[in-house]
Amino acid sequence: MAKERTIFVCQNCGYKAPKWLGRCPDCGMWNSFVEERAETGQQDKGRRRHPLDRPQRIDTVAIDREARHKTGMSEFDRTLGGGIVPGSLVLVGGDPGIGKSTLILQIVHRLAQQGLRTLYVSGEESVQQIKMRAQRISADSSELYLLSGTCLEDIIERLDELTPRVIVIDSIQAIYTESLGSAPGSIGQVREVTSKLMSLAKSSGRAIFLIGHVTKDGAIAGPKVLEHLVDTVLYFEGDGSHMYRILRAVKNRYGPTNEIGVFEMMDNGLEEVGNPSKVFLEERSTDVSGSIVISCIGGSRPLLVEIQALVCTSSLAIPRRTTIGVDPNRVSLLAAVLTKRGGVNLSDKDIFINVAGGIKIDEPAIDLGVISIIASSLLNKPIARNTVAFGEVGLSGEVRGVSQTELRLKEAVKLGFSRSLISKKSIKTLKGKIDMEVIGVSSIQELLEVLL
Ligand code: TYD
Ligand code: MG
């Protein structure tokens, strides 16, 4: 019998080599090669299971508007861009224990309640264990089927008898395909399983949810390597100690990206948070320096969040710029602008910035707020509680407008804010009447004058 051939595969990028290498020539990663059985090469070659359709004229292609499956959980539907698209492959990533399995089980339960046949495949838990979780969220619909298994080929076989419309695979790291010899969770396996599921979704019109753990070490391939293979990528985030969980769409072929849905983890599963701005602002402290509310855009809707700063004298040679929820580089940059253009000395000050509620913000509209709270904390002067601010700040200290000014202001009015700080230019773009005092600033010097 011929000796079984093995190859070495980089677990970071998938590069293959006949011999072990210390450093991957492709991605430069050290010590990332793992020995795997070489593919036998016979299975799928030469077999054409899905012959192509004829090319079709674009004006003759019909789309069914009602095609999306609505789950009835509006935070989830909106994050996906209006419901689940049949035939789509959706990856749900997140830290272990954040609530991915709970969320998706609740989703398939709701679909099953509408009479849609759904199958929940778990490679990590037994059917009894899934049932225990399902009891907590009272999921007991007759159209919801459970299956425990790890071999993809076996799972696909079961699909033919059951013909479910929506399938969940929990998790991608636990499932393996027989056509590869490597261990479940290795980069080769997760890629191969995902691409097989992708073709299954496309050819059968079934929607598939893939759950993937984000891992810190490279031993188990995380969802990052799958992002380009799937239609939609959702990340379920949130601090384990916070009750709030945020579902964020980072890639979506069928809807807007950066859309977020907010949930709260309860005893009986996840509950939607319909008005996130309100809950993010609920626990605001009164009249302390270094706090302001900013109006940012999460996908298609405005979101008000409180940001806080603490500026204090540093005992280090290089003062700290520590942030939670915003990019620390951006804060360093804004601190430098404030020093140079606003004449505020921060060279011996530590700066800590926090976004309340465990949410992450990465739009430049936060700049004006960050500058305001740094100045406020440094001088220990509170900013009026009814103030909301947003705008981008450039390196020469100029304040620039951001998109959707009107939408952001209207959300602030709705939540009872009566004063706003925005860029002077943005005021001109306002068409409708805004029921609040709108202060325009064109530079950070002007901002400091208004604030202090
Ligand atoms: P889980 O969905 O198992 O996380 P993941 O699949 O992302 O690893 O959720 C685990 C956590 O959620 C666990 O700490 C228990 C908690 N939980 C609740 O607080 N309430 C509930 O109703 C359920 C089902 C779980
Ligand atoms: Mg799980």
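Values quoted throughout were computed directly from the atomic coordinates according to the rules given, and no laboratory measurement underlies them. None of these values were measured; they are calculated from a predicted model. Positions of Cβ are backbone-derived with ideal geometry, glycine not excepted, and every protein chain shown enters the neighbour counts.
Worth pointing out:
- The alpha carbons of region 376-448 occupy a box of 34, 26, 14 Å along the principal axes, longest dimension given first.
- Cα-derived Rg to Rh of the chain, Kirkwood definition: 1.04
- Antiparallel bridge percentage (DSSP; both residues within region 103-249; nearest 5): 20
- The string of couplings for region 14-30 from the Karplus curve (6.51, -1.76, 1.60, θ = phi - 60°) is x, 5, 10, 9, x, 10, 5, 10, x, 9, 6, x, 8, 9, x, 6, 8 Hz, one whole number per residue in order, with x for Gly and Pro.
- Alpha-carbon radius of gyration plus Dmax, which is the widest Cα pair, for region 223-294 in Å: 15.5, 49
- Stokes-Einstein translational diffusion, region 280-393 - Kirkwood Rh over all Cα pairs, 1.306 mPa s, 10 °C, in µm²/s: 113
- Per-pair calculated FRET efficiency, R0 = 35 Å: Glu124 and Leu333 via Cβ, rounded to 0.05: 0.25
- Helix 405-414 vs. the chain, principal-axis angle (Cα, 0 to 90°, nearest 10): 80
- Cut-off 14 Å between beta-carbons: net charge of the residues surrounding Ala134, Lys and Arg +1, Asp and Glu -1: 0
- Length added when fully stretched, Val438-Ile318, from 0.36 nm per residue minus Cα-Cα: 39.4 nm
- The length gained on full extension between Arg133 and Ile63, counted as 0.36 nm times the residue separation minus their Cα-Cα distance, comes to 21.5 nm.
- The smallest convex shape that holds all Cα atoms of region 54-206, its convex hull, gives 142 Å³ per residue.
- Relative contact order of the chain, pairs being alpha-carbon contacts under 8 Å that are 6 or more residues apart, as %: 12
- Cysteines in the chain that, by Cβ-Cβ distance, have no pairing candidate under 4.7 Å: Cys151, Cys296, Cys312
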